[in-house]
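The values are calculated or read from the model by the stated rules, or taken from the named source; none is laboratory data. What you see is a predicted model; the values in this text were computed from it and never measured. Cβ sites come from the backbone with ideal geometry, for glycine too, and all protein chains shown count toward neighbours. Calculation scope for accessible area: heavy atoms of the full protein, side chains included, ligands and nucleic acids excluded. Shrake-Rupley method; radii C 1.70, N 1.55, O 1.52, S 1.80 Å.
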Amino acid sequence: MSELTLLKDRVLNEGKCLPGGILKVDGFINHQMDPKLMMAIGQHFAQLFKDSGANKILTIEASGIAPAITTGLAMNLPVVYVKKKKPSTMGSAFVTTVHSFTKDRDYTVSVSREFLTDSDRVVIIDDFLAYGNAAQGMIDLVQQAGAQVAGMGFVIEKTFQNGGNQLREQGYHVESLVQVTSLDDCKITLAQTP
Ligand code: 5GP
């Protein structure tokens, strides 16, 4: 069985839905992690973005870091993660605001100007794509830096929350490994993909 089929099976069998269209996958992505599965995820993204011309992976803490690291490893590229608080040790930074619908609050995120510059072409990686707020925040930081988005990869896309459509309509190359089409009545429904 391919690792991607395994990922879909684990989402279906171990995923739990929470009120408000939230999928809990704490057993292998968001709390406990499965390194072997993460490696396979990284290799898959590396294949999907092999022609992207990227020189860097960009993600946001915390849960994006694991798939971003394995993607960076597979593509032999450095990985930068956007921080949810600006540490006092960070020098000059690009800053934006992101709305978290899982936590229902806005928060400020930042990335050092040292690690995102106008010579960068980044692949953005994250664990989930829902309404696209985190992704739009990262795009904003990339644009502030004068860098380029080479592509965007998400482990799980909840297609019914529409962030993916908006990003694709904006012209971005968006890939997701698992597409959840509905969590209605707490039933996890996945898109039928070959
Ligand atoms: P968006 O910004 O696209 O609305 O949501 C994406 C971000 O919120 C991701 O970085 C992820 O951490 C979190 N998120 C969104 N939906 C879910 C979900 O169903 N389950 C979990 N565990 N996190 C989610």
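Only helical runs count toward this figure. For the chain, summing -39,500 (n - 2.57) over DSSP H runs of n ≥ 4 and dividing by all residues gives -9000 deg cm²/dmol at 222 nm. Only protein heavy atoms count here; under a 1.4 Å probe, Leu6 has an accessible surface of about 70 Å². Average accessible surface for the chain: 49 Å² per residue, computed with a 1.4 Å probe over protein heavy atoms with every protein chain in place.
Using C-alpha pairs under 8 Å with a sequence gap of at least 6, the mean separation divided by the residue count of the stretch 85-194 gives a relative contact order of 21 percent. Between the stretch 1-77 and the stretch 85-137, how far is it from one alpha carbon centroid to the other, in angstrom? Each part reduced to its Cα centre gives a spacing of 18 Å.
Label the stretch 46-194 by shape, choosing from rounded, prolate and oblate, from the square roots a ≥ b ≥ c of the eigenvalues of the Cα gyration tensor; if a/c is under 1.5 it is rounded, and otherwise prolate applies when a/b is larger than b/c, oblate when it is not. Please report the intermediate quantities before stating the final value.
Working: a/c = 1.92, a/b = 1.34, b/c = 1.43.
It comes out oblate by the Cα gyration axes.
Structure remark: mean-square fluctuation, Gaussian network model of the chain, C-alpha springs under 10 Å; the largest value among Ser119, Ser52, Ser176 belongs to Ser119. Here Lys83 is the anchor, and the lysines within straight C-alpha reach of less than 27 Å, apart from those fewer than 8 places off in the same chain, are Lys24, Lys36, Lys50, Lys56, Lys103, Lys158. Can you tell me the orientation of helix 65-75 relative to the chain, as the angle in degrees between its alpha-carbon axis and the longest Cα principal axis, to the nearest 10? Value to nearest ten degrees: 80.
The label-point distance for Phe101 and Asp184, in a model that sets each label 7 Å from Cα toward Cβ, rounds to 1.7 nm.
Could you tell me which of rounded, prolate or oblate describes the stretch 58-133, using a ≥ b ≥ c as the square roots of the eigenvalues of the alpha-carbon gyration tensor, with rounded for a/c under 1.5 and, failing that, prolate when a/b is larger than b/c and oblate otherwise? Before the final figure, lay out the partial values.
Working: a/c = 1.91, a/b = 1.12, b/c = 1.70.
Oblate, because a/c is 1.5 or more while a/b does not exceed b/c.
Once you charge only the Cβ atoms, +1 for Lys and Arg and -1 for Asp and Glu, what is the size of the charge dipole of the stretch 66-194 about its Cα centre, to the nearest 20 debye?
Working: 11 positive and 13 negative charges, 73 e Å.
The calculated dipole for the stretch 66-194 is roughly 340 debye.
By DSSP, the beta bridges lying fully in the chain are antiparallel in about 40 percent of cases.
Computed from the C-beta positions of Asp118 and Gln47 and an R0 of 25 Å, the FRET efficiency is 0.35 to the nearest 0.05.
The angle separating the long axis of helix 133-145 from the principal Cα axis of greatest extent in the chain is about 20 degrees.
Taking trypsin sites (Lys or Arg not before Pro) in DSSP loop conformation with at most 16 other Cβ atoms inside 10 Å as exposed sites, the chain has its longest uninterrupted site-free stretch at 114-186.
Entry note, the chain: relative contact order of 18 percent, from Cα contacts under 8 Å with a spacing of 6+ residues.
Dipole magnitude for the stretch 1-153: computed about the Cα centre from +1 point charges on Lys and Arg Cβ and -1 point charges on Asp and Glu Cβ, it is near 220 debye.
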